[in-house]
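Down below is the structure, laid out as structure tokens.
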Amino acid sequence: MLEILNDQDYEKFRKVIYDQCGITFSATNRSILDSRIKDLLRKKNIATPGEYLDIVLKNSEEMKLMLDSVTTNLTRFFRNQPHFDAFTNYVIPAVIEQKKKTGDRMIRIWSAGCSTGEEPYTIAMIMKEICPPEFNFQITASDISLKSIMTAKQGFYNEARVDGVPEDYLSKYFTKVEGGYQIKEDIKKTITFDYHNLKNDSGARNLDVVFCRNVLIYFDEPAQLAVINHFYDSMGPYSFLYIGHSESLFGMKTNFEFIKTEWACFYGKNVNK
Ligand SMILES: C[S@@+](CC[C@H](N)C(=O)[O-])C[C@H]1O[C@@H](n2cnc3c(N)ncnc32)[C@H](O)[C@@H]1O
């Protein structure tokens, strides 16, 4: 197959993408970058990668579009059910127990790298089921992909995409509409969707649970560590972090504790103290 990016172009795009958002392209996934840039050039009717890179470097909106196009947004409702079993049976009860010792009645959750919304909506539906009436919860969901955030905000999913949503949740929290399902307003309003690049500190503080699943896998170790340190700062004195089940903080210099439960493994901040 014809390679669209010569070695020099490839190196330049690779570096810009890494510097901007931590996503790391290597020899093994170079073809993905090639094909995404090729698509962009075709859509925008631009002749050469060099010309396009100049535009991207001068225009922050175009930079956002380019970064969006190199992201992988694969997700689904109730992805990795054991994570949510642990959330229901261990994490939220533990957070509530801790909060009962203080006057704080708000449970703060962040879905970082939320893609098209399936993860934060899953969390919201579960919280609707398990959150005691004397507590409230708020979910922030963010991504670097503007296209994905737009889909997430709409909350419309076709038949194939609601696969995995239990029947009772489907009838309780979605409205059947032509071509698929629309998430109901009372679920939607528990989530604030935001553009956020994980390379930067979000400024959030005192979060009780952070989900950042299947995102770190696209970063190299220094970029992962930077993101993890931002999470640590954004989390409350007793809090939990989920990463993807194929991701690990093993060997990384962090203050997070590894927590193994009968349902799933995840990380904690000051949980074992
Ligand atoms: C594979 S999806 C994972 C979605 C969901 N967390 C899940 O596990 O199903 C990865 C998401 O991370 C987002 N992402 C990648 N780099 C990012 C960055 N630097 N800042 C914010 N989001 C990023 C991508 O846009 C994509 O939507």
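Odds and ends about this structure:
- A simple spin-label model places the labels of Glu185 and Lys38 4.7 nm from each other, with each point 7 Å out along Cα-to-Cβ.
- Karplus-based coupling profile of region 149-157, in residue order and whole Hz: 4, 4, 4, 4, 5, 5, x, 9, 9, with θ = phi - 60° in 6.51 cos²θ - 1.76 cosθ + 1.60 and x standing for Gly or Pro.
- For the chain, the mean residue ellipticity at 222 nm estimated from helices alone is -12000 deg cm²/dmol, where every DSSP H run of n ≥ 4 contributes -39500 (n - 2.57) and the total is divided by all residues, rounded to the nearest 500.
- Heavy-atom SASA rank of Leu216, Leu57 (probe 1.4 Å, accessible area, largest first): Leu57, Leu216
- For the chain: relative contact order, % (alpha-carbon pairs under 8 angstrom, 6 or more apart): 18 percent
- The chain: angle of helix 221-234 to the longest principal axis, Cα-based, in degrees nearest 10: 40 degrees
- Rounded to whole Hz, the Karplus (6.51, -1.76, 1.60) HN-Hα couplings of region 190-197, x for glycine and proline: 8, 10, 10, 8, 9, 7, 8, 8
- Qualifying trypsin sites (Lys or Arg not before Pro) in region 59-161, where qualification requires a DSSP coil assignment and no more than 11 other C-beta atoms within 10 Å, comprise Lys101.
- Our note on the geometry: Cα centres of region 192-256 and region 126-186, 23 Å apart.
- Spatially proximal lysines relative to Lys153 (Cα-Cα < 26 Å; intrachain offsets below 8 disregarded): Lys43, Lys64, Lys128, Lys172, Lys176, Lys184, Lys188, Lys189, Lys199
- Helix 49-58 vs. the chain, principal-axis angle (Cα, 0 to 90°, nearest 10): 50 degrees
- Candidate cross-link partners of Lys273 among the lysines, defined by an alpha-carbon separation under 18 Å and a same-chain spacing of 8 or more, comprise Lys99, Lys100, Lys101, Lys260.
- For region 173-273, chymotrypsin sites (Phe, Trp or Tyr not before Pro) meeting the loop criterion (DSSP other than H, G, I, E, B) and having at most 11 other Cβ atoms within 10 Å: Phe250.
- Remark: accessible surface ordering of Ser69, Ser35, Ser234 (largest first) is Ser35, Ser69, Ser234, probe radius 1.4 Å.
- Percent accessible area from carbon and sulfur atoms, region 1-143, protein chains only, probe 1.4 Å: 50 percent
- Solvent exposure of the chain, expressed per residue, is 50 Å² of accessible area, with all protein chains present and a 1.4 angstrom probe.
The values are calculated or read from the model by the stated rules, or taken from the named source; none is laboratory data. Small disclaimer: the values here were computed from a predicted structure and weren't measured. Neighbour counts run over all protein chains shown; Cβ positions are idealised from the backbone, glycine included. Just so you know, the surface numbers come from the protein's heavy atoms only, side chains and all, with ligands and any DNA or RNA stripped out. Shrake-Rupley method; radii C 1.70, N 1.55, O 1.52, S 1.80 Å.
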